[in-house]
1. Are there any pairs, at least 6 apart or on different chains, whose C-beta atoms fall under 9 Å, with the first in segment 101-120 and at negative phi and part of a loop (DSSP other than H, G, I, E, B) and the second of a type in the set (Lys, Arg) and surrounded by 12 or more Cβ atoms within 10 Å (Cβ to Cβ), and if so, which?
2. Only one of Arg90, Arg94, Arg61 is touching a residue at least 60 places away in the same chain (Cβ under 8 Å), assigned to a loop (DSSP other than H, G, I, E, B) and farther than 13 Å from Asn32 by Cβ. Can you tell me which?
3. Does segment 102-120 include one or more residues that are surrounded by 13 or more Cβ atoms within 10 Å (Cβ to Cβ) and among the aliphatic types (A, V, I, L, M)?
4. (1) in contact with a Lys or Arg (Cβ under 9 Å, 6 or more places away or on another chain); (2) aliphatic (A, V, I, L, M); (3) closer than 27 Å to Asn9 by Cβ: which one isn't true of Ala40, the others all being true?
5. State all residues of segment 42-55 that are in contact with an Asp or Glu (Cβ under 9 Å, 6 or more places away or on another chain) and crowded, with 18+ Cβ neighbours inside 10 Å; if no residue qualifies, say none.
6. Can you report the number of residues in segment 3-13 which are assigned to a loop (DSSP other than H, G, I, E, B) and surrounded by 11 or more Cβ atoms within 10 Å (Cβ to Cβ)?
7. Among the residues that make up segment 27-41, is at least one of them loosely packed, with under 13 Cβ neighbours inside 10 Å, modelled with pLDDT of 85 or more, outside any loop (DSSP other than H, G, I, E, B) and over 13 Å from the mean Cα position of the chain (by Cα)?
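The values are calculated or read from the model by the stated rules, or taken from the named source; none is laboratory data. The structure displayed is predicted, hence computed values, not measured ones. Reconstructed Cβ throughout: ideal geometry from the backbone, glycine too, with neighbour counts over all protein chains shown.
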Amino acid sequence: MIPGSTFWNNWDEYPFSLTEWNGRPLGIQVLNLAYRSGAAWNESAYDNPDFDAALDEALSRADPDARREVMARLETMLREDGVIVQPYWRSLYRSFRPKVNGFGAHQAFEMHLDKVWVDS
């Protein structure tokens, strides 16, 4: 492990590093950030015009069921091209006292305190 300030100076030059991607409102968002050819966070340097075209297709579909079909193709491409290693899912927890209400776990770790109240 190295300090974040050191890591971020050369994050895309290490021979191996492990990145965790937290959830986004739509699964397609992580794929667009992390695997599109030339994307700023494409640390694997994945470059596949077929993937990019399918990504554009998925991003154009508002209906989740229609987008799901394209997502399956995208995920298959990533697996078959050997771009990702997905060995685990980590557990995330949110804790609070019983009198605290409206304080739930948000997928991006956001805290919406305007929705929280404490019973007296």
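1. Short answer, once both residue conditions are applied: Gln107/Arg24; Ala108/Arg24.
2. The unique qualifying residue is Arg90.
3. Scanning segment 102-120, I find at least one residue that is surrounded by 13 or more Cβ atoms within 10 Å (Cβ to Cβ) and among the aliphatic types (A, V, I, L, M), so the answer is yes.
4. Of (1) in contact with a Lys or Arg (Cβ under 9 Å, 6 or more places away or on another chain); (2) aliphatic (A, V, I, L, M); (3) closer than 27 Å to Asn9 by Cβ, only one is false for Ala40: (1).
5. Correct list: Tyr46, Phe51.
6. Residues flagged as assigned to a loop (DSSP other than H, G, I, E, B) and surrounded by 11 or more Cβ atoms within 10 Å (Cβ to Cβ) within segment 3-13 amount to 2.
7. Within segment 27-41 (the criterion being loosely packed, with under 13 Cβ neighbours inside 10 Å, modelled with pLDDT of 85 or more, outside any loop (DSSP other than H, G, I, E, B) and over 13 Å from the mean Cα position of the chain (by Cα)), the answer is no, since none of the residues qualifies.
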